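As structure tokens, the structure follows; a few thoughts come after it.
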Amino acid sequence: MESGPALFAGVTLALFGAGLVVWTSVRLRSHQPVAEGVPAVAGAAVALLFGVISLLAGGWVLSSG
């Protein structure tokens, strides 16, 4: 009964993380800002950090669920 919610949470986290990493990469390659009102390096670093953390968390939930 717990495998359904774990599967949903793992896939959601993994898709969000992958999307965030891809979106940040595209923004950086086209020299567009990642976030408004913050330095470009800080915005990119935080976005990539949270993307990778989400990917790892999604993989962990999928492997343990």
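The values are calculated or read from the model by the stated rules, or taken from the named source; none is laboratory data. Just so you know, these numbers come straight off a predicted model, no measurement behind them. Surface areas here come from the heavy atoms of the whole protein model, side chains and all, with no ligands, DNA or RNA. Shrake-Rupley method; radii C 1.70, N 1.55, O 1.52, S 1.80 Å.
Couple of notes before you dig in:
- Mean Cα-pair separation over length for the chain, i.e. relative contact order, pairs under 8 Å, 6 or more apart, %: 55
- Per-residue [θ]222 nm for the chain (sum of -39500 (n - 2.57) over DSSP H runs n ≥ 4, rounded to 500): -28500 deg cm²/dmol
- Helix 40-64 and the longest principal axis of the C-alpha atoms of the chain enclose an angle of approximately 10°.
- Computed log₁₀ I(q)/I(0) - Debye formula, equal Cα scatterers, no solvent, the chain, q 0.16, 0.17, 0.30 Å⁻¹: -0.55, -0.59, -1.14
- Accessible-area composition of the chain, carbon plus sulfur, in percent [1.4 Å probe]: 76
- The range 4-65 - accessible surface per residue (Å², probe 1.4 Å): 68
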